[in-house]
Each structure stands twice: as C-alpha cells, then as structure tokens.
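These notes are about the structure you will find just below.
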Amino acid sequence: MDQGRRDFDTFYGQNRDQIARALSLSLRNPDLGAEAADEAFVRACQRWAEVSTYANPQGWVYRVAMNWARSWLRRSRRERDKRPLLVKSELMEDQVLDVDLERALEGLSAAHRTVVVARFFMDWSVEETADVLGIRPGTVKSRLSRALDQLAEELSGIPVFRSVTTREDAHHES
C-alpha cells in the first residue's frame, strides 16, 4: 500500500464519523448525512493528492458533502412534485443519539443551524467556518449570535433581549 493511500485511510478514519454526524445535524437527516459524507470521502480519495495539500481538507469534504446533499434534496423534491398523488414518504429517519441537541437545533433556520454545527460540533474557527460555507466571517458571527440567542431562549424559556440591530448586523444576516 503506497503512502498516499495510507494517508487517506488515516484521514478517513479520523474524520468520517465526525463529518457524518455534523452533516446529519445540519441536514436533520442521519441517513442523508452519512450518505453525503461517504460520497464526499469518495471524491476526496479520488483527488487525494490535491485535497491533502489544502489547509483544511476536512472542510473541503464537509463542503462537498453539503453541496451533494443539497443537490440530492433538490432532485428529490422535483421528483416528489412530479408525483403529487403519492402519499408522504414512508421512510423513517433513524433517531439521532442526542435527542435534546437535535430538538434544539431543529428550531433554527438551516443557515443558523449549519453555522452552529460548524463552529461547535466541528470546532472550526470563524474564519474556517466562513471559508467552508462560502460566507463572510461577519456573517458567521451574526448568524451564530442570533442562533445562540434563539437556543438560549428555547432552552430556558426566558426571552433573550437583543440590542438594536446595527446596519452591519443587518447586512451580514443575509
């Protein structure tokens, strides 16, 4: 087995479960998260000579997986819309181990949930999160602040009062 293959195998072993879990939380679907992670790792393996030189290969895999999952969801939605007579999908989602975490994240918008998962579950810096998600660091901070306020309010039941939104906050919230 050559060195590149061993390096990829090590990278895969150290990161696959964490990335799959992060995707599952962001997408609110454990099966889709695992499938997206696997698809992205296959692509990383095919391009390992290049991907291994990136500053954050883990971030590259996460981003490729999210893009793949979003495309899959769009295709799935289009197919479902073409067949309106079919009853709701009978697929059952596996339960995520930490039900409280899943419930708390479920109330967030997709954009806010993704930032929270990237920052706290993946333990990426603001800059790494911004780079992986293709947004500005200020947008990461703004979304993170709003998401944490919302989570605090939901978990404590006590309303969180925010200061007046600045023009910069409003600009970054997009």
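The values are calculated or read from the model by the stated rules, or taken from the named source; none is laboratory data. This is a predicted model, so every value here is computed, not measured. Here the Cβ is made from the backbone with ideal geometry for all residues, glycine too, and neighbour counts use every protein chain on show. Protein only, heavy atoms only, side chains kept; ligands, DNA and RNA dropped before computing areas. Shrake-Rupley method; radii C 1.70, N 1.55, O 1.52, S 1.80 Å.
Computed quantities for the displayed model
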read-out: The stretch 72-101 - residue that is closer than 23 Å to L133 by Cα and surrounded by 12 or more Cβ atoms within 10 Å (Cβ to Cβ) and, of those, modelled with the highest pLDDT; value: W72
read-out: Of all residues in the stretch 102-152 being aliphatic (A, V, I, L, M) and open to solvent by 50 Å² or more (accessible area, probe 1.4 Å), the one that is nearest to N67 (Cα to Cα); value: A110
read-out: Lone unmet requirement of (1) open to solvent by less than 30 Å² (accessible area, probe 1.4 Å); (2) free of Cβ contacts under 8 Å to residues at least 40 places away in the same chain; (3) of a type outside the set (K, R); (4) within 15 Å of F121 (Cα to Cα) for Q14; value: (1)
